[in-house]
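> The structure's right below; bear with me while I get my questions together.
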Amino acid sequence: MSLEIVQFTLGPAQTNAFLVAAAGSREAVAIDPSWDGHVILDAARQRGWRVTTIWLTHAHWDHFGGAAALADGSDPPPPVALHPADYVLWRAGGGAAKFGLQFDPGPEPTVDLAHGQTLFIGEVEVQVRFAPGHTRGHVMFYVPSQTLMFSGDVIFQMSVGRTDLPGADHATLLESIRREVLSLPDDVRLLPGHGPSTTVGQEREFNPFLQE
């Protein structure tokens, strides 16, 4: 079974958000609803989808700024999944105050994510991979059958996640990339939190941060 993926680039930080459903399904998952939740909700409605859950790769403000509008427009409101190590960051508004921003954070996370956990989009299996370094509780969502991973802010095309924010650590991030990204086949497509998609092989060979 294949996945239908709708990508958005939203908000002040131009963050990628994803609406994902199994082909033929009427239920969808919102991954990192970054901003303008009504835009994501409208796209779901146009396709006849109901958003049943929200998955967060991590708890920086620009990855859940649209959760409130998404939840307010859904019946019932979808539960939010997050790694517990990022709950403190979520409750602190995801660091938005540092950027002079205020927003409604939406529903508090109630689903704990953990490394090795298996989730499903329809009948499609999704593996949770714990990859701290950008934040303490960052995870990625790997879909083996589709040869792709929603990688959040761990790795980008020719770059890696910021480590100058509270709770971040550069050495930890690089170790997470080596363990949880570079261990995958070269043809795995990476759908990051910012910028264009890339592949494990491209980053393995050309990413300057990984050539140390």
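Read-outs: derived from the displayed coordinates by stated rules, not from any lab. This is a predicted model, so every value here is computed, not measured. Neighbour counts run over all protein chains shown; Cβ positions are idealised from the backbone, glycine included.
> If amide H atoms are built 1.01 Å from N in the plane of the peptide, which residues on other chains or at least 5 residues away come under 5 Å of the amide H of G152?
Those lying under 5 Å, H to H, from G152 are G193.
> Sticking with this structure for a sec: Mind computing the radius of gyration and Dmax over the alpha-carbon atoms of the chain? Å is fine for both.
15.9, 49
> In whole Hz, with x marking every Gly and Pro, tabulate ³J(HN,Hα) for region 91-107 from phi via Karplus 6.51 cos²θ - 1.76 cosθ + 1.60, θ = phi - 60°.
5, 8, x, x, x, 4, 4, 4, 9, x, 10, 10, 7, 7, x, x, x
> Kindly provide the helix-only [θ] at 222 nm of the chain, computed as the sum of -39,500 (n - 2.57) over DSSP H runs of four or more divided by all residues, to the nearest 500 deg cm²/dmol?
-5000 deg cm²/dmol, from helical runs alone.
> Top mean-square fluctuation among F141, F99, F64, Gaussian network model of the chain, C-alpha springs under 10 Å?
F99
> Could I ask something else about it? Please list, in order along region 17-22, the HN-Hα scalar couplings obtained from phi with the Karplus expression 6.51 cos²θ - 1.76 cosθ + 1.60 (θ = phi - 60°), rounded to whole Hz, x for Gly and Pro.
Rounded to whole hertz, the list is 10, 9, 10, 10, 9, 6.
> Taking a spot 7 Å from the Cα of D169 along the direction of its beta carbon, which residues of region 26-59 have an amide N less than 18 Å from it?
59
> Once you put a point 7 Å from the Cα of H38 and another 7 Å from the Cα of F120, both along the Cβ direction, what distance in nm separates them?
3.5 nm
> What list of ³J(HN,Hα) values in whole Hz, one per residue of region 146-161 in order, does the Karplus curve 6.51 cos²θ - 1.76 cosθ + 1.60 (θ = phi - 60°) give from phi, with Gly and Pro shown as x?
9, 6, 8, 9, 7, 9, x, 10, 6, 9, 10, 5, 6, 7, 9, x
> Please report V124, V160 as a ranked list, fewest other C-beta atoms within 10 angstrom at the top and most at the bottom.
So the residues, fewest neighbours to most, are V124, V160.
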